[in-house]
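J.: Please read through the structure below; I'll follow up with questions.
The numbers here are math on the coordinates, done by the rules we state, and not lab data. Predicted model, so just to flag it, every value in this text is computed and none were measured. Don't worry about glycine lacking a Cβ; one is built from the backbone with ideal geometry, like all the others, and counts go over all protein chains shown.
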Amino acid sequence: MTRGFKSHARLRLGALACACLLLSGCGIKLAYNNADRLMRWWASDYVTFTAEQRAYFDLAFAEVHYWHRTSQLPIYRDGLLRLADALGSDPETALVAFEAEIEGWGETMSARAAPVAIAMLASLSAAQVDDLERRMARSNRDYERDARKPPAAVTREYAKDYADGMKRFVGRLDRDQRALIESRLATLTPDAQAWLDLRLELQSRMLAALRAEPVDRAVLEALMLDFESLYGPELEAIMATNEGIFRRLTVDLLGALTPRQRQHLDDRLREWAQICAELHDEAEPAAPPAAPAAVAT
């Protein structure tokens with residue numbers, strides 16, 4: 001999958017594509033119940049925690065995870081059921097409404113998790129920040145390779161990613177449906193370089209904030225909660241164009257579903273709503289201990 005697609009999948013590319021990235025993959029319950037391990041594994045690509053940082057992370061993550069399980073999963077359940085009920089009568093209106101819901105979910109989650117991320121970042125030593133810079137530079141190589149790919153190769157990857165995501169919702173796609181996806185996504189505006197430029201700018205500002213004395217927490221918070229303000233007119237225009245293509249494609253593809261595919265979609269949305277309900281009901285009766293405001297030193 002191209003990195004540009006990963007970077008902006010949550011930004012209104014089409015409600016079904018967004019939801020697929022949010023909920024897809026085998027073992028949803030297993031992944032959710034082991035989210036702390038997955039997050040530590042992801043973070044280890046960039047930072048090696050000290051024992052004190054690991055202890056803080058475990059406490060803070062448990063607190064956020066409990067909040068998410070008990071307060072947010074019921075909201076996701078209701079949103080998925082509303083989408084399932086509405087798709088049959090007015091798919092386009094339903095998709096636009098669900099896009100807005102997903103954005104709201106992401107913003108709520110970001111606001112709740114940002115203090116934890118800022119506390120972790122502010123606790124990094126100078127040596128850890130230097131190591132973070134080296135690791136980010138190494139991770140950027142994949143994005144740089146994507147930016148050098150021919151546009152036709154990138155749109156083929158987008159088409160494959162989108163088709164694979166839709167398959168999880170509606171079952172196997174027929175030849176005409178795949179041709180529709182390929183033809184529509186061939187008109188996408190290349191965005192890999194614009195996303196790489198944004199990534200580099202975000203990294204530069206974050207490193208500067210971490211090296212300030214004291215750490216510039218206001219900048220870190222803005223980067224986490226308002227990074228869209230850095231998009232600039234070029235990226236904004238690309239996003240508007242590409243989101244429109246994804247949205248129109250999703251609506252037209254829904255209109256081309258067979259009865260069996262429509263039933264598969266309805267079943268899958270309701271299945272995921274039920275999983276949200278079950279995960280909520282599995283919450284411990286009492287909240288975990290509150291994490292301290294900062295990493296112990």
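J.: Multiplying the sequence separation of Gln274 and Ala122 by 0.36 nm and subtracting their Cα-Cα distance, what value in nm do you get?
T.: This chain segment gains 50.8 nm when fully extended.
J.: Taking 0.36 nm per residue of separation and subtracting the Cα-Cα distance, what length does fully extending Asp226 through Met39 add?
T.: Working: separation 187, 0.36 × 187 = 67.32 nm, distance 2.20 nm.
Difference between extended and current length: 65.1 nm.
J.: While we're here: Which of rounded, prolate or oblate describes the stretch 220-280 when judged by the alpha-carbon gyration tensor and an a/c cut-off of 1.5?
T.: The shape class here is oblate.
J.: Which one of Met239, Leu210, Ala186 is farthest out on the positive end of the charge dipole of the stretch 145-259, using unit charges on Cβ (Lys, Arg +1; Asp, Glu -1) and the Cα centre as origin?
T.: Ala186
J.: List the residue ranges in the chain for DSSP H helices whose C-alpha atoms run 18 angstrom or more along the long axis and whose Kyte-Doolittle average is 1.6 or above.
T.: On the way: long enough: 51-67 (24 Å, -0.26); 73-87 (21 Å, 0.52); 91-122 (45 Å, 0.58); 126-148 (33 Å, -1.74); 151-170 (28 Å, -0.61); 192-211 (28 Å, 0.13); 232-255 (34 Å, 0.25); 259-281 (33 Å, -1.43).
Long hydrophobic helices here: none detected.
J.: Still on this model: Suppose each label sits 7 Å from its Cα in the direction of the beta carbon; what would the Arg134-Thr70 distance come out to in nanometres?
T.: Each label point is offset 7 Å from its Cα along the Cβ direction, giving 4.3 nm.
J.: Calculate the FRET efficiency for Ala208 and Thr50 from the Cβ-Cβ distance with a Förster distance of 25 Å, rounded to the nearest 0.05. Walk me through the numbers on the way to the answer.
T.: Details: r = 23 Å, r/R0 = 0.91.
Computed FRET efficiency for Ala208 and Thr50: 0.65.
J.: Rounded, prolate or oblate: pick one for the stretch 97-168, where a ≥ b ≥ c are the square roots of the eigenvalues of its C-alpha gyration tensor, a/c under 1.5 means rounded, and failing that, prolate if a/b is larger than b/c, else oblate.
T.: Note, shape of the stretch 97-168 comes out oblate.
J.: I want to verify the translational diffusion coefficient of the chain in µm²/s; compute it with Stokes-Einstein, Rh as the Kirkwood radius over Cα pairs, at 20 °C and 1.002 mPa s.
T.: Values: Rh = 20.9 Å.
D, rounded to a whole number, is 103 µm²/s.
J.: Continuing with the same structure: Could you work out [θ]222 nm for the chain from helices alone, using -39500 (n - 2.57) per DSSP H run of at least four and dividing by all its residues? Round to the nearest 500 deg cm²/dmol.
T.: Rounded to the nearest 500, it is -25000 deg cm²/dmol.
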